[in-house]
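Chemist: One structure, as C-alpha cells, below. Some questions next.
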Amino acid sequence: MDFLDTTTAAVFWANLTHYGVALLGAVVILLLGWWLAGWASRSLHKSLGKRQWMDATLLPLVVSIVRYTILIIALLAVLGQFGIQMTSLVAVLGAAGLAIGLALQGTLSNVAAGVMLVVLRPFHVGDSIQAASFTGTVQEVGLFATVIRSDENKMITVPNKLLSDAPIINFSRLPVQAAVNITFLLPYTADLGRALEVLRRIAAEHRKEDALIGVEELGDNAIKLRFQASVPAADADTAKLAINLAIRQQLAAAGIQFMQEAAAAQPIYGYPPPTAAPPA
C-alpha cells in the first residue's frame with residue numbers, strides 16, 4: 001500500500017503542517033520581538049535623555065529593563081506557539097529554580113548589584129572614581145556591568161558585583177581643593193599693620209575671607225609674610241597669578257616696598273647711592 005495513502009501519512013502531514021506553521025510563527029514573533037525591543041530601547045533612550053529630571057545614571061538601567069521585558073514577552077509568545085502552557089512552564093521553572101539560580105548566580109548577583117548601585121548612588125555618570133583597582137570616569141551604569149573610561153582613554157567594563165563589594169572613592173562628589181601659598185619678604189621698617197590690612201582686602205576681593213594671613217617668620221633682615229587660601233584645583237594656577245598681581249600692585253599703591261626694593265635703595269658699605277651726573 002502506498003505510504004501517502006495511509007492514515008499514518010495523513011497524521012504525519014497534519015503534524016508537519018501544524019508544527020511548520022507554528023515554527024514559522026515563532027520565528028516571526030522572535031524577529032519581531034527582537035526588532036521591537038531594539039526600537040523601544042533606542043526610542044526610550046532618546047526620549048528620556050532629553051528630560052532634565054531623568055538621571056543619566058538611571059537611564060541605561062531603565063532602558064535595559066524595558067528591552068529585556070519585551071524580549072521575555074516575545075520568548076513566552078514563542079513557547080505559546082508550540083502549545084506550552086504558562087502554568088506548566090511556571091511549575092517547571094519553579095522545580096528547576098534552584099538549579100537555575102546556581103547556574104546564573106554570577107549574572108543575577110550582577111543585576112542585583114546594578115540595582116543597588118543605582119539606588120544607593122555612590123557615584124553618577126561623569127564622576128571620577130577609584131574602585132576595585134580601577135580608576136577613571138564613569139560612562140554608563142548598566143544592568144550587568146559599569147563602563148569606566150580610564151585616564152589612558154581605555155574603556156573598562158567592570159561587573160557590578162565587583163564594584164558593589166569594593167570600597168569606592170569618588171573624586172567628584174566633593175570639589176577637589178588646592179592650596180595657593182604665597183610668601184614674600186618685607187623690611188622691618190615697613191608698616192606691618194598696613195601690609196596685613198592690604199592682604200585682608202585682597203582676600204575679600206577674591207572671596208577668600210577664610211584665607212590664612214600673617215607673619216610666617218621673623219628673619220635676620222626681613223619679615224616673611226604668608227598668604228594661603230584654598231581654591232578649586234582646576235583654578236589654582238589662575239588664582240595664584242591673580243593674587244600675586246594684586247599683592248604687588250596694592251602694596252605698591254600703599255607705599256610698602258618689598259625687601260628687594262628696600263635693599264636696592266640702601267647704601268652699600270656705607271656709601272650713598274649713586275646720583276646722576278649734572279648736565280654739561
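The values are calculated or read from the model by the stated rules, or taken from the named source; none is laboratory data. Computed from a predicted model, the values in this text were never measured in an experiment. FYI the Cβ positions are ideal-geometry reconstructions off the backbone, even for glycines, and counts take in every protein chain you see.
Chemist: So, in the stretch 209-232, exactly how many residues are part of a loop (DSSP other than H, G, I, E, B) and free of Cβ contacts under 8 Å to residues at least 24 places away in the same chain?
Modeler: Taking the stretch 209-232 and keeping what is part of a loop (DSSP other than H, G, I, E, B), we get 209-211, 219-221.
With free of Cβ contacts under 8 Å to residues at least 24 places away in the same chain added as a condition, the list becomes 209-211, 220.
Residues in the stretch 209-232 being part of a loop (DSSP other than H, G, I, E, B) and free of Cβ contacts under 8 Å to residues at least 24 places away in the same chain: 4 in total.
Chemist: Which is modelled with pLDDT of 85 or more and farther than 26 Å from Phe144 by Cα, of Val28, Val21, Val11? Working first, answer last.
Modeler: Working: Val21 fails: modelled with pLDDT of 85 or more; Val11 fails: modelled with pLDDT of 85 or more.
Result of the check over Val28, Val21, Val11: Val28.
Chemist: On to the next question. Take the stretch 140-156 and flag every residue that is in contact with a strand residue (DSSP E or B) (Cβ under 7 Å, 6 or more places away or on another chain) and either of a type in the set (D, E, K, R) or more than 19 Å from Ile65 (Cβ to Cβ) (or both).
Modeler: Glu140, Ile148, Arg149, Ser150, Asp151, Met155, Ile156
Chemist: All but one of (1) assigned to a helix (DSSP H, G or I); (2) of a type in the set (D, E, K, R); (3) at pLDDT 90 or above hold for Asp235; state the number of the condition that does not hold.
Modeler: Among (1) assigned to a helix (DSSP H, G or I); (2) of a type in the set (D, E, K, R); (3) at pLDDT 90 or above, the lone unmet condition for Asp235 is (3).
Chemist: Next question. Of everything in the stretch 139-161 that's free of Cβ contacts under 8 Å to residues at least 40 places away in the same chain and of a type in the set (A, V, I, L, M), which residue is farthest from Pro232 (Cα to Cα)?
Modeler: Only one residue tops the list, namely Ala145.
Chemist: Helices (runs of 4 or more DSSP H) wholly in the stretch 49-130 with at least 3 residues that are in the same structural domain as Val147 (by TED's automatic domain parsing) and modelled with pLDDT of 70 or more - which ones?
Modeler: Of the helices (runs of 4 or more DSSP H) lying wholly inside the stretch 49-130, those with at least 3 residues that are in the same structural domain as Val147 (by TED's automatic domain parsing) and modelled with pLDDT of 70 or more span 105-120.
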